[in-house]
Structure formats: C-alpha cells, structure tokens
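These notes concern the structure reproduced below.
The values are calculated or read from the model by the stated rules, or taken from the named source; none is laboratory data. Because the structure is a prediction, the values reported are computed rather than measured. Neighbour counts are summed over all protein chains in view; Cβ atoms, including those assigned to glycine, are modelled from backbone coordinates with ideal geometry. Calculation scope for accessible area: heavy atoms of the full protein, side chains included, ligands and nucleic acids excluded. Shrake-Rupley method; radii C 1.70, N 1.55, O 1.52, S 1.80 Å.
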Amino acid sequence: MKKILFLTVLTMVCVSCQKEAKDQNISFDKYKNTFIEALWKVNPDWAASQGYHKYDSILKVPNNDYRNEQISFVKSQLDSLSTYSVAALSSNNVTDFHMIKNYLEGTVFSLEELKAFEWDPSMYNVCGTFAEILNGNYDSLDTRLRHLDLKMDNISAYYTAAKSNIKNPTLEHTQLAIDQNSGGKSVFTSDLTAAVAKSKLSDKEKKAILEKSKKAIAAIDDYVNWLQKLDNTSPRSFRLGKALFDKKFEYEIQSGYTPEAIYQKAINHKAELHKKMIALSEKLWKKYCGDAPIPVDDLQMVKKVIDTISVQHTKPENFQLEIEKQIPELTAYVKEKDLLYIDPSKPLVVRKEPDYMAGVAGASISSPGPYDKNANTYYNVGSLSGWDASRSESYLREYNDYILQILNIHEAVPGHYTQLVYSNQSPSIIKSILGNGAMIEGWAVYTELMMLESGYKNSDEMWLMYYKWNLRATCNTILDYSIHTKNMSKEAALDLMINQAFQQQAEADGKWKRATLSQVQLCSYFTGYTEIYDFREELKKVQGAKFKLKKFHETFLSYGSAPVKYIKELMKKEL
C-alpha cells in the first residue's frame with residue numbers, strides 16, 4: 001500500500017511539474033512577443049533594420065531622457081524575466097531567456113560603464129537609417145517618403161544632443177564621424193531628390209520634403225564643423241583597458257572561453273599555421289622563385305613565396321565585377337558537393353559600399369531582418385576609386401586571385417549571406433534579432449576551411465593562401481586583445497600583421513585603423529570559428545560513420561544566430 005501510495009504521489013507530482021512547465025513556456029512565448037514590441041518602440045532604427053517598419057517615422061533624440069527611457073525599459077524587462085523558472089522552460093526558451101538577459105545587462109553596461117556615447121562621435125549619424133527608408137522595397141515609395149518626412153523633424157535636435165553628450169572624444173572616432181557624416185550627406189541630396197522626383201506625392205509635399213532636407217544637411221554640416229573645431233586638448237585614448245574589454249567581451253562574445261584563454265589559443269594557433277606554411281613554401285619555392293637562394297629565416301621564405309603568388313590579381317576597375325562573377329560559381333559548388341541547402345529565392349546583390357558605411361571594413365554583408373525575409377541581402381564592396389596606384393596594387397595583392405575566392409566564401413556563400421538567410425528562417429525571432437557576433441563571424445571563418453576540406457580549388461597555392469587568410473582571423477584576436485589590454489604599439493601591430501601574418505601594407509594599415517575604432521569585435525572571428533570547428537570534430541568522434549556533414553551544417557544553422565555554447569547544448573540534447 002505504501003508503495004502504491006508513493007507511486008500515486010510521484011505521478012501527481014510529475015503531472016503537476018509538466019503542467020507548470022507547459023504553463024511557463026506558454027507564458028514565456030507570450031512574454032517574448034511583448035518584449036520585442038517594447039524593444040522596437042525604444043529602438044525604432046534597429047526595428048527598421050530588421051524589417052519592422054511600424055516606427056519608421058520616429059527618430060529618437062539621444063539625450064538624457066532617451067537614456068533614462070532605455071534604462072527603464074531594461075529594468076522592467078529584467079523584472080519580468082525574474083518571474084520565470086529557467087528549470088521549467090524548454091531548451092529553446094532557455095536559450096532565448098539567456099540571450100534576452102545578456103542583452104539587457106549588456107545595455108546597462110554600455111550606458112553606465114562603457115559610455116561610448118561620450119567619447120565616440122561616430123555613434124551619431126542619421127544617414128544610414130534614412131538611406132534604408134529610401135532603398136527599401138517593403139512599402140510604396142510615397143509611404144516611405146512620408147515616413148522619412150516626419151523622421152526628419154528631429155534631425156537638428158538629434159545633432160544638438162550629440163554635441164551635448166560628447167566629452168573628450170578619441171581623435172580616431174572623431175575623424176571617423178567627420179568622414180562618415182560628410183560622405184553620407186548624399187542621402188539627403190542626390191538620393192532624396194531622385195526619390196522625390198520619382199514619387200507621386202503632391203507638389204506641396206515634394207517641396208516640403210526638399211526644404212526639410214536642406215535643414216538636415218545644415219544640421220550635419222554644423223555637426224561636422226563643430227567636430228573639426230572642437231577644442232579637445234585631453235582626448236580619451238581609443239584603448240579600452242582590460243576591465244572594460246573583459247566585460248564587453250563577456251556580453252558581446254558570450255563564449256565558453258575567457259578573453260585571456262582565447263588570446264592564448266590564438267597565439268598557439270599562429271605557431272601551428274606557421275609550421276604548415278613553411279612546409280608548403282619549401283615545396284613551392286622552386287616553382288615561383290627558381291634557383292634563388294632560400295632565406296635562412298623561414299618566415300621570410302614564406303613571405304617571398306606569398307608575395308610572388310600575390311601578383312596574380314584582378315584590375316582595380318574589375319574588383320567588384322570579379323566578386324559578382326564568383327558568387328554563382330560558389331553556389332554551384334556547394335550544391336554539387338551537397339554541403340548545405342542554399343535557398344535560391346533569397347537575392348544577393350553586390351554593390352559599392354555606401355559612403356556612410358565607409359572607413360571600417362572593406363567588405364561586408366547587409367542582411368534583411370526576420371520581418372523582411374524576401375528583401376535583398378547586400379554584399380558591400382569597398383571602392384578603390386581615387387586610390388593611387390601603389391595603394392591599389394597593395395590592396396589587390398592582399399585580395400589576390402586565391403584570397404578573393406576565400407573572401408567570397410566568408411562574406412557570401414556559404415558564409416554570412418547563407419547563414420543569415422537560415423537565421424531569418426529560425427523559429428525563434430530572439431535568436432535572429434539578438435544574433436551573436438561570434439557565432440555569425442565564426443561560421444563564416446569555419447566555412448572557409450570546410451570548403452577547402454571538401455576539395456574546392458585544391459592546390460598547394462590555395463592552401464597556402466588559406467593559411468594566410470586564417471592567420472588573419474587568428475591575429476585579429478591577438479591584435480584586439482593586445483591593443484586594448486596590453487598597450488600594443490602601432491609599430492608592434494604592423495610587425496605582427498606584415499612580418500608574421502604576411503599582410504600587405506594597405507591591409508595592415510586598414511586593420512590598425514579598424515582596431516582603434518572597434519573593441520572586442522575582432523575577437524569574434526577566431527573565437528566562434530574555434531568553438532564551431534571543435535564541436536564538429538567532437539560530434540564526428542561520437543557519431544562515427546553516422547556523422548553527415550550536411551546534416552551538421554543545416555542543424556547547426558537552424559537554431560539561428562545564437563551563441564555557439566547554446567547551440568551545442570541544443571544539438572546535443574536533440575542528438
């Protein structure tokens with residue numbers, strides 16, 4: 001009787017637990033919807049970038065009131081999260097819970113500790129958000145222009161608040177703000193004028209919009225002039241310092257590794273790559289250098305072979321055309337090898353990088369958000385227009401005929417473009433909108449190796465150039481950590497990039513600039529790649545002959561842009 005009674009009670013407890021878990025998950029799913037709506041109300045520009053256009057006519061003024069609004073939002077959401085028991089949530093919801101919590105706590109860190117709004121003038125730039133309205137295809141041109149018209153009302157107040165916020169900015173971010181705001185003005189001149197002319201708005205509406213655009217240009221010019229004349233006698237260092245770097249790494253990377261641990265792994269990986277490159281260079285020496293004596297210094301030998309191969313590159317005027325040509329070739333290869341399904345209905349458009357984005361990276365992907373899944377994905381290509389011959393030659397040697405293909409794997413197929421299409425199809429919108437940079441960049445770096453492993457353009461030259469490219473991702477972490485926490489000098493950074501990572505001068509100069517303008521982001525490539533590759537190798541050992549590469553890829557991507565550590569947990573449970 002006691003045993004029967006115990007089993008009866010146990011059954012009742014289990015049923016009660018299952019009901020509680022079901023109730024908690026239903027409630028949490030509803031909460032996520034209210035969280036997202038509240039998030040977009042506080043961040044209308046972010047909402048628009050994700051394809052949610054309800055608040056397109058609103059431009060938030062970045063003053064104290066707005067920061068207080070953000071903090072109030074965070075506190076309210078954290079209070080709501082505290083009502084849920086993580087133990088009662090499904091695996092999918094546990095990940096969403098942690099991602100929401102991480103975002104909210106990271107926002108507090110950004111506003112109350114990092115305070116980039118005080119020292120980074122490049123944070124203030126309206127050109128991009130207005131360009132998205134003009135370039136969008138989510139609504140009629142007339143509707144979009146009316147939203148833009150209303151949004152322009154706050155531009156003057158926006159830049160007034162920006163000037164009020166800025167205190168002892170870094171010199172590097174000040175110059176970036178000047179360059180990007182100056183370059184982005186075309187949004188309000190030629191771009192807007194052309195759009196208004198094409199529209200069916202009344203003459204009165206057209207005139208009003210163009211009058212406002214003049215005020216917008218005046219506000220941007222005023223901000224640029226103010227920055228140029230700013231009496232900044234004690235500028236903040238662009239270096240973040242270890243305490244802030246470590247915290248930012250925690251919130252942005254969300255890795256199983258500490259910053260110190262991933263830095264040390266990068267140091268060790270650099271040594272491994274050097275060994276492989278030395279062996280290949282010895283093999284290729286006679287083919288490219290003939291009977292010339294082999295340098296005593298192994299790295300000088302590698303550099304000589306790489307430099308000789310790197311003269312094989314496209315012309316400056318054909319750089320974008322060559323990229324456009326390679327995308328369908330990569331897509332066909334992935335399909336032929338059955339590595340991953342690529343949705344042919346999702347367009348990828350290669351375009352010249354917009355001026356308001358210039359100055360940080362030479363190539364990037366702009367992906368539509370989960371609400372606008374059928375919109376174009378843009379592959380932004382930096383322009384070589386106006387460059388002198390030596391700078392162009394240096395840049396094109398860096399992106400020679402071999403490395404340009406690896407770049408396209410990374411940025412497009414099956415890298416960023418492919419992953420972000422999958423992310424938008426994920427059943428969890430949280431994993432799409434709060435996408436983890438280390439997973440996103442790590443996937444792109446992982447696909448480079450995966451494609452070569454599958455036999456893509458297999459040759460000693462391609463592998464040597466791949467190792468050089470992978471060395472770049474590896475040294476990104478070494479640079480990022482060393483510059484911001486170890487006071488690495490520009491001279492030491494350039495030596496690392498040019499003499500140890502075999503980069504061209506133009507690439508090294510550009511990377512130094514990027515490292516002074518960003519923090520932690522450069523760690524995302526190697527960190528994410530390491531976690532994804534190690535996880536794949538772990539599964540191969542566990543599954544043996546049952547392991548299927550395509551299945552691994554599609555399952556991994558199906559979870560959206562979640563941190564790798566959470567995807568690993570979900571996949572292990574599923575398997």
>> Looking at the stretch 165-187, can you tell me whether even one residue there is open to solvent by 20 Å² or more (accessible area, probe 1.4 Å), hydroxyl-bearing (Ser, Thr, Tyr) and more than 26 Å from the chain's Cα centre (by Cα)?
In response: no
> Of these, Arg397, Arg351, which one is basic (Lys, Arg), modelled with pLDDT of 90 or more and crowded, with 20+ Cβ neighbours inside 10 Å?
Replying inline: Arg397
>> Looking at the stretch 277-308 only, could you name the residues that are among the polar types (S, T, N, Q) and exposed (fewer than 14 other Cβ atoms within 10 Å of the Cβ)?
In response: Gln300
> Mind checking whether some residue in the stretch 490-513 is among the aromatic types (Phe, Trp, Tyr), under 17 Å from Thr530 (Cα atoms), modelled with pLDDT of 95 or more and out of contact with any Ser or Thr (no Cβ under 6 Å at 6 or more places or on another chain)?
Replying inline: no
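Enumerate the helices (runs of 4 or more DSSP H) found wholly within the stretch 121-171, keeping only those where 3 or more residues are of a type in the set (D, E, K, R).
Working: elements: 127-135, 141-151, 155-165.
Fully inside the stretch 121-171 and qualifying: 141-151.
So which residues in the stretch 111-120 are open to solvent by less than 50 Å² (accessible area, probe 1.4 Å) and part of a helix (DSSP H, G or I), if there are any at all? Full working, then the answer.
First pass over the stretch 111-120, keeping only residues open to solvent by less than 50 Å² (accessible area, probe 1.4 Å): 111, 114, 116-120.
Passing the criteria: Leu111, Leu114, Ala116, Phe117, Glu118, Trp119.
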>> Cβ-Cβ distance below 6 Å, separation of 6 or more or different chains: which pairs start in the stretch 288-300 with a residue that is of a type in the set (Ser, Thr, Tyr) and end on one that is open to solvent by 80 Å² or more (accessible area, probe 1.4 Å)?
In response: none
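Got a sec? Which helices (runs of 4 or more DSSP H) wholly within the stretch 397-473 have at least 3 residues that are in contact with a Pro (Cβ under 8 Å, 6 or more places away or on another chain) and more than 27 Å from Ile278 (Cα to Cα)?
Values: elements: 403-411, 416-425, 429-433, 437-453.
So the answer is 429-433.
Looking only at the stretch 123-138, which residues are hydroxyl-bearing (Ser, Thr, Tyr) and within 21 Å of the chain's Cα centre (by Cα)?
Kept after step one, since they are hydroxyl-bearing (Ser, Thr, Tyr), are these residues of the stretch 123-138: 124, 129, 138.
Within the stretch 123-138, Tyr124, Thr129 meet the criteria.
Considering only the stretch 1-43, state which residues are at pLDDT 90 or above, over 18 Å from Ser428 (Cβ atoms) and either open to solvent by 80 Å² or more (accessible area, probe 1.4 Å) or assigned to a helix (DSSP H, G or I) (or both).
Pass one, the stretch 1-43, residues at pLDDT 90 or above: 24-43.
Filter again for over 18 Å from Ser428 (Cβ atoms), leaving 41-43.
Lys41, Val42 - these are the residues of the stretch 1-43 that are at pLDDT 90 or above, over 18 Å from Ser428 (Cβ atoms) and either open to solvent by 80 Å² or more (accessible area, probe 1.4 Å) or assigned to a helix (DSSP H, G or I) (or both).
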>> So for the stretch 157-167 (the condition being without any contact (Cβ under 8 Å) to a residue 40 or more places away in the chain, over 30 Å from Asp79 (Cβ atoms), of a type outside the set (S, T, N, Q) and touching a helix residue (DSSP H, G or I) at 6+ places or on another chain (Cβ under 7 Å)), does at least one residue qualify?
In response: no
>> Out of the residues in the stretch 521-572 meeting the condition of being β-branched (Val, Ile, Thr), over 13 Å from Asn436 (Cβ atoms) and more than 18 Å from the chain's Cα centre (by Cα), tell me which one is surrounded by the fewest Cβ atoms within 10 Å (Cβ to Cβ).
In response: Val542
>> Would you confirm whether or not the stretch 408-424 contains a residue that is open to solvent by 10 Å² or more (accessible area, probe 1.4 Å) and on the phi > 0 side of the Ramachandran plot?
In response: no
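Considering only residues that are hydrophobic (A, V, I, L, M, F, W, C) and farther than 20 Å from Thr34 by Cα, look in the stretch 58-87 and name the one that is most open to solvent (accessible area, probe 1.4 Å).
Taking the stretch 58-87 first, the residues hydrophobic (A, V, I, L, M, F, W, C) are 58-59, 61, 71, 73-74, 78, 81, 86-87.
With farther than 20 Å from Thr34 by Cα added as a condition, the list becomes 59, 61, 87.
Working: Leu59: 6, Val61: 30, Ala87: 102 Å².
Result: Ala87.
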> Does the stretch 293-317 hold any residues that are polar (S, T, N, Q) and either under 16 Å from Trp463 (Cα atoms) or modelled with pLDDT under 95 (or both), and which are they?
Replying inline: Thr308, Ser310, Gln312
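Restricted to the stretch 322-341, and to residues that are part of a loop (DSSP other than H, G, I, E, B) and open to solvent by 30 Å² or more (accessible area, probe 1.4 Å), which residue is nearest to Leu557 (Cα to Cα)?
So, considering only residues that are part of a loop (DSSP other than H, G, I, E, B) and open to solvent by 30 Å² or more (accessible area, probe 1.4 Å), the one nearest to Leu557 (Cα to Cα) is Tyr341.
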> In the stretch 372-396, how many are without any contact (Cβ under 8 Å) to a residue 40 or more places away in the chain and assigned to a helix (DSSP H, G or I)?
Replying inline: 3
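For Trp46, are the conditions met, namely being closer than 22 Å to Tyr124 by Cα, open to solvent by 50 Å² or more (accessible area, probe 1.4 Å) and part of a helix (DSSP H, G or I)?
yes
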>> Arg514 - would you say it is assigned to a helix (DSSP H, G or I), within 30 Å of Gln175 (Cα to Cα) and of a type outside the set (A, V, I, L, M)?
In response: yes
>> I'd like to verify a number: residues in the stretch 493-517 that are out of contact with any Phe, Trp or Tyr (no Cβ under 8 Å at 6 or more places or on another chain) and open to solvent by 20 Å² or more (accessible area, probe 1.4 Å), how many?
In response: 10
>> List the residue pairs whose Cβ atoms are under 7 Å apart, where the first residue sits in the stretch 456-471 and is touching a residue at least 24 places away in the same chain (Cβ under 8 Å), the second is among the hydroxyl-bearing types (Ser, Thr, Tyr), and the two are 6 or more positions apart or on different chains.
In response: Tyr456/Tyr333; Glu461/Tyr402; Met462/Tyr402; Leu464/Ser281; Met465/Tyr402
>> Return the residues of the stretch 89-102 that are over 13 Å from Asp29 (Cβ atoms) and either open to solvent by less than 20 Å² (accessible area, probe 1.4 Å) or charged (D, E, K, R) (or both); say none if nothing qualifies.
In response: Thr95, Met99, Lys101
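Residue-by-condition table, conditions (1) surrounded by 14 or more Cβ atoms within 10 Å (Cβ to Cβ); (2) in a helix (DSSP H, G or I); (3) among the hydrophobic types (A, V, I, L, M, F, W, C):
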position	(1), (2), (3)
Lys206	yes, yes, no
Lys214	no, yes, no
Tyr223	yes, yes, no
Trp226	yes, yes, yes
Thr233	no, no, no
Phe245	yes, yes, yes
Tyr251	yes, yes, no
Lys270	yes, yes, no
>> As an exercise: evaluate Tyr525 against (1) part of a helix (DSSP H, G or I); (2) farther than 18 Å from His410 by Cβ and give the number of the one condition it does not meet.
In response: (2)
> Does any residue in the stretch 440-454 that is of a type in the set (D, E, K, R) come within less than 6 Å, Cβ to Cβ, of a residue that is surrounded by 22 or more Cβ atoms within 10 Å (Cβ to Cβ) six or more places away or on a different chain, and which pairs are these?
Replying inline: Glu441/Ser524; Glu441/Tyr525; Glu441/Gly528; Glu448/Ile406; Glu448/Ile409; Glu448/His410
